[in-house]
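What follows is a short report on a single structure.
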Amino acid sequence: MQQLISHSEQETNKIGQAIAEKLKKGDVICLTGDLGTGKTTLSKAIAKGLGIRETVTSPTYTIVHEYEGEIPFFHFDVYRIDDINEMYEIGFEEYLAGDGICLIEWAERITDILPEDCIWIYMDYGQKIEDRILRINKPGFISKD
């Protein structure tokens with residue numbers, strides 16, 4: 001497990017862009033953490049790092065937002081999912097099988113239908129109010145610089 005500490009939103013943005021540099025078509029990024037830990041901030045930074053020019057917003061009520069880029073980017077927020085069948089109704093399997101990158105906020109809610117090789121990023125509060133701790137399940141995934 002790789003652990004990174006961000007001391008500001010700017011550092012979280014830098015981490016997100018570094019993550020984006022390592023991603024390839026078909027990758028699935030799973031974000032977990034309490035409300036306010038920065039999942040959407042990190043999602044926006046990853047999208048920017050992938051070259052997405054559109055404004056990225058949280059798809060809390062629509063479940064997924066699609067963004068066109070060199071690699072398509074599919075941003076999911078499954079916080080409001082009550083029944084895992086809702087994911088099948090929106091064609092989740094097709095997203096996973098496609099050539100894009102899927103990023104899923106609140107991914108712990110749908111673990112039963114996720115591929116085994118997901119990149120998991122666990123976000124927690126740090127010691128100071130602006131600090132965030134990011135733990136990535138792939139040691140050495142990104143540079144600590």
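The values are calculated or read from the model by the stated rules, or taken from the named source; none is laboratory data. Just so you know, these numbers come straight off a predicted model, no measurement behind them. When we count neighbours, we look across all protein chains shown, and the Cβ atoms used for this are built from the backbone with ideal geometry, even at glycine. Ligands, DNA and RNA are excluded from the accessible area calculation, which covers all protein heavy atoms including side chains. Shrake-Rupley method; radii C 1.70, N 1.55, O 1.52, S 1.80 Å.
Keeping to segment 41-53, report how many residues are under 10 Å from the mean Cα position of the chain (by Cα) and open to solvent by 10 Å² or more (accessible area, probe 1.4 Å).
The total comes to 2.
How many residues does segment 67-77 hold that are touching a strand residue (DSSP E or B) at 6+ places or on another chain (Cβ under 6 Å) and either under 23 Å from residue 142 (Cα atoms) or in contact (Cβ under 8 Å) with a residue 24 or more places away in the chain (or both)?
6
What single numbered condition from (1) open to solvent by less than 20 Å² (accessible area, probe 1.4 Å); (2) of a type in the set (A, V, I, L, M); (3) outside any loop (DSSP other than H, G, I, E, B) fails to hold for residue 56?
Exception for residue 56: condition (3).
Does residue 41 satisfy the condition of being among the polar types (S, T, N, Q), in contact with a Cys (Cβ under 9 Å, 6 or more places away or on another chain) and assigned to a helix (DSSP H, G or I)?
No; evaluated as a whole, the condition is false for this residue.
Which residue out of 33, 38 is within 19 Å of residue 135 (Cα to Cα), at pLDDT below 95 and under 12 Å from the mean Cα position of the chain (by Cα)?
Of the residues listed, the single one that is within 19 Å of residue 135 (Cα to Cα), at pLDDT below 95 and under 12 Å from the mean Cα position of the chain (by Cα) is 38.
Please enumerate the residues belonging to segment 3-56 that are without any contact (Cβ under 8 Å) to a residue 12 or more places away in the chain and in contact with a Gly (Cβ under 6 Å, 6 or more places away or on another chain).
none
If we scan segment 59-77, do we find a residue that is in a loop (DSSP other than H, G, I, E, B), open to solvent by 40 Å² or more (accessible area, probe 1.4 Å), within 22 Å of residue 133 (Cα to Cα) and not small (Gly, Ala, Ser)?
Within segment 59-77, not a single residue is in a loop (DSSP other than H, G, I, E, B), open to solvent by 40 Å² or more (accessible area, probe 1.4 Å), within 22 Å of residue 133 (Cα to Cα) and not small (Gly, Ala, Ser).
Among the residues of segment 85-129 satisfying the criterion of being surrounded by 14 or more Cβ atoms within 10 Å (Cβ to Cβ) and charged (D, E, K, R), which is farthest from residue 12 (Cα to Cα)?
Among residues in segment 85-129 that are surrounded by 14 or more Cβ atoms within 10 Å (Cβ to Cβ) and charged (D, E, K, R), the one farthest from residue 12 (Cα to Cα) is 86.
For the list (1) closer than 20 Å to residue 4 by Cα; (2) open to solvent by 100 Å² or more (accessible area, probe 1.4 Å), I need the number of the one condition that residue 141 fails.
(2)
Out of all the residues in segment 1-40, which are among the aliphatic types (A, V, I, L, M), surrounded by fewer than 18 Cβ atoms within 10 Å (Cβ to Cβ) and farther than 28 Å from residue 98 by Cα?
Within segment 1-40, 5, 35 meet the criteria.
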